[in-house]
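Step one of this worksheet: look at the structure below.
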Amino acid sequence: MTNPTSQTQSPPASATPGWNEVVADWAADRRVFQVSWRKSMMWIFLLSDTFVFGCFLTGYMMVRIATTEPWPNVSEVFALTMFGQSIPLILIAIMTFVLITSSGTMAMAVNYAYRRDRVRCAALMLATAALGASFVGMQAFEWTKLIEDGVRPWGNPMGAAQFGASFFLITGFHGLHVSAGVIYLVIVARRVLAGRYERRGDYEIVEIAGLYWHFVDLVWVFIFAFFYLW
C-alpha cells in the first residue's frame, strides 16, 4: 500500500524565493540601465532639488503677480555705475557668463578624466572651482550693495516688501549650492591629482561632480530669467 504522504513532493530549492532572488529583483535596474548606485543617488538628489527650486520660483511668480505694491525696476536696482554711466544688469551678466563658462571647463574635465589624463582633469576642475568662487564673490558684492541700499528680507524702500524676501531666499539658496559645489570640486580634484581614482581605475566620481555642477548652472539660468529679466 502506497503511503499518501510519500507522494507529496517538496518544491525544488530553486523555486523557493530567497535573498538571492530579492537582491536580483532590486538590482534589475542596474542590469538594464547600467547605472551605478552613486550616479543613481546623485540623480535622485538633483530631482528632489529641482522640486525645491521649482517651488521657490513658483512662489516668487505668485507673489510677484499678487502683490499690490509696485515691484522695483530690476534694471535700476542691479545697475552699476561705470565710467560715469549707469549700466543695468552688468554685474548679473558677468556672473552668468562666469557660471556658464565654468560648465564648459567642467565638461572638459570629465572628458580628460575618461582619457585618464589626471593632471589636466584636476586643473580644469580647479579652474571650475575658481570660477564658482568668483561667482559667489560677485554675489556677495551684490548682496552688500542691496543691504546698503536698505533692502531687507522684511522690507524694501524701493517698492514691494516681498522683493527682499524673494531675492535673499532664492539667490541665497542657490549661492549655498555653488559654495558646496566649489568645496566638492576642490576635494575631488585633489584626489584626482593624488592618483586615488587612477589606482581604482574608476573616474565616475568626476562625472558625478559634473552632474551636480551642470545642475547648479542650469538652475541659475532659470533664476536669471525669472528674477532679473522679468
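The C-beta contact set for region 93-108 (first residue in contact (Cβ under 8 Å) with a residue 24 or more places away in the chain, second residue aliphatic (A, V, I, L, M), distance under 7 angstrom, 6+ apart or interchain) comprises ILE94/MET138; MET95/MET138; VAL98/LEU131; THR101/LEU131; SER102/LEU131; THR105/LEU124; THR105/ALA127; THR105/LEU131.
Quick grid of which residues meet (1) surrounded by 16 or more Cβ atoms within 10 Å (Cβ to Cβ); (2) over 20 Å from the mean Cα position of the chain (by Cα); (3) β-branched (Val, Ile, Thr):
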residue	(1), (2), (3)
LEU47	no, no, no
CYS55	no, no, no
TYR60	yes, no, no
ARG64	yes, yes, no
THR68	no, yes, yes
SER75	no, yes, no
PHE83	no, yes, no
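Of the candidates LEU124, LEU131, the single residue that is within 13 Å of ALA209 (Cβ to Cβ), without any contact (Cβ under 8 Å) to a residue 40 or more places away in the chain, out of contact with any Phe, Trp or Tyr (no Cβ under 6 Å at 6 or more places or on another chain) and part of a helix (DSSP H, G or I) is LEU124. Can you tell me which residues in region 98-122 are of a type in the set (Val, Ile, Thr) and under 19 Å from ALA194 (Cα atoms)? Listed by number, the residues that qualify are VAL110, VAL119. Only one entry in TRP220, TRP154, TRP230 is modelled with pLDDT of 95 or more and either of a type in the set (Phe, Trp, Tyr) or out of contact with any Asp or Glu (no Cβ under 9 Å at 6 or more places or on another chain) (or both), namely TRP220.
Please determine, by comparing only the residues of region 99-142 that are small (Gly, Ala, Ser) and within 19 Å of ASP202 (Cα to Cα), which one is surrounded by the fewest Cβ atoms within 10 Å (Cβ to Cβ). Here the answer is ALA107.
Exactly one of (1) touching a residue at least 60 places away in the same chain (Cβ under 8 Å); (2) over 24 Å from TYR197 (Cα atoms); (3) of a type in the set (Val, Ile, Thr) is unmet by THR144. Its number? Unmet for THR144, out of (1) touching a residue at least 60 places away in the same chain (Cβ under 8 Å); (2) over 24 Å from TYR197 (Cα atoms); (3) of a type in the set (Val, Ile, Thr): (1). A Cβ distance below 8 Å, combined with a sequence gap of six or more or placement on separate chains, defines the contacts here; from region 56-82, residues that are touching a residue at least 12 places away in the same chain (Cβ under 8 Å) and more than 15 Å from ILE170 (Cα to Cα) reach residues that are assigned to a loop (DSSP other than H, G, I, E, B) and of a type in the set (Asp, Glu) in the pairs VAL77/ASP149. The single condition among (1) of a type outside the set (Lys, Arg); (2) out of contact with any Pro (no Cβ under 9 Å at 6 or more places or on another chain); (3) outside any helix (DSSP H, G or I) that ALA160 does not meet is (2). ILE147: of a type in the set (Val, Ile, Thr), surrounded by fewer than 18 Cβ atoms within 10 Å (Cβ to Cβ) and at pLDDT below 95, yes or no? When the stated conditions are applied, ILE147 passes them.
So is GLY137 in a helix (DSSP H, G or I) and touching a residue at least 60 places away in the same chain (Cβ under 8 Å) or not?
For GLY137, the condition - in a helix (DSSP H, G or I) and touching a residue at least 60 places away in the same chain (Cβ under 8 Å) - is not met.
TRP154 meets all of the listed conditions (1) loosely packed, with under 15 Cβ neighbours inside 10 Å; (2) aromatic (Phe, Trp, Tyr); (3) closer than 24 Å to CYS121 by Cα but one, namely (3).
The values are calculated or read from the model by the stated rules, or taken from the named source; none is laboratory data. Bear in mind the structure is a predicted one, so any value in this text is a computation, not a measurement. Cβ: placed from backbone, ideal geometry, glycine included. Neighbour counts: every protein chain shown.
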